[in-house]
Amino acid sequence: MKVVLLGAPGSGKGTQAVNISDWYEIPHISTGDIFRSNIKSSTELGKKAKEYIDKGLLVPDELTIDIVSNRLNQSDCKEGFILDGFPRTVNQAEKLDGILKEMGANIDVVLNIEVEDSQIITRMAGRRVCPKCGMSYHIDYNPPLEGDICKNCGETVVQREDDKEETVLQRLTTYHKQTEPLIEYYEKVKKLVTVKGQDNIEETTSCVKKALGGI
Ligand code: ADP
Ligand code: ZN
């Protein structure tokens, strides 16, 4: 199964990507996670990416496309993968088409998680993430253990640098301008399936399951 996930920041893409990766036993490729791990270990890529991420802007394509291309060409992606956070621009989508063509592969489905802006802003304020294993939480909808402890690995969860309100607003603007046109891009080739992202994670998960069920 080869899946692309679309959705605004905070739409719950990452949470659903983990589910889909488990169901189909396919690698979860998150460009955001790749950048964050590079930032953490202070690589050249991390230093450059941080400047954009902290402002709520997209990391330039010349830093992004090769990373995804290299990752998709690793052997564990042969049977499938789930792309979370890529493509984010029409140019990236066109580049992805080229990469897949060379691999002799095709996207099976583009899953679009739809959430209203007002809901996203409320959600982001409560989002916490585990700096060690990447698991994401919400203080009300999906809380970590007592004392802000990650259920998965025991680390203390934190608020992401780019989840501050000003940055969230910029990320939303960036999404509407640069990423939303991908909905039409994938609609045209009949790959798009849209589900409503609700605050109840289990409900969203069951919608996602149903949407992928026929595939
Ligand atoms: P979210 O979807 O919640 O905004 P991500 O973890 O997917 O968070 O991405 C965090 C940041 O990393 C983005 O705001 C952007 O700056 C950068 N980023 C991630 N993926 C890409 C991409 N495909 N192209 C450009 N920048 C990206
Ligand atoms: Zn953890």
Taking 0.36 nm per residue of separation and subtracting the Cα-Cα distance, what length does fully extending Asp148 through Glu161 add? 3.0 nm
Whole-Å distance linking the alpha carbon centroid of the stretch 16-81 with that of the stretch 189-215 is 23
Give me the base-10 log of I(q)/I(0) for the stretch 18-126 at each q in 0.21 Å⁻¹, Debye formula, one uniform scatterer per Cα, rounded to two decimals. -1.31
Convex hull over the Cα atoms of the stretch 103-154, averaged projected area in nm²? 6.0
May I ask you to list, by number, the DSSP H helices of the chain whose Cα span along the axis is at least 27 Å and whose average Kyte-Doolittle hydropathy reaches 0.5 or more? none
In Å, what Rg and Dmax follow from the Cα atoms of the stretch 153-215? 16.0, 45
Within the set Val157, Val189, Val109, GNM on the chain using Cα springs under 10 Å gives the largest fluctuation to Val189
Note on the chain: the mean projected area of its alpha-carbon convex hull, in nm², is 11.3
Antiparallel bridge percentage (DSSP; both residues within the chain; nearest 5): 30
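Any read-out appearing in this document is the output of simple, stated calculations on the displayed coordinates, not a laboratory observation. Source: prediction; values computed, not measured.
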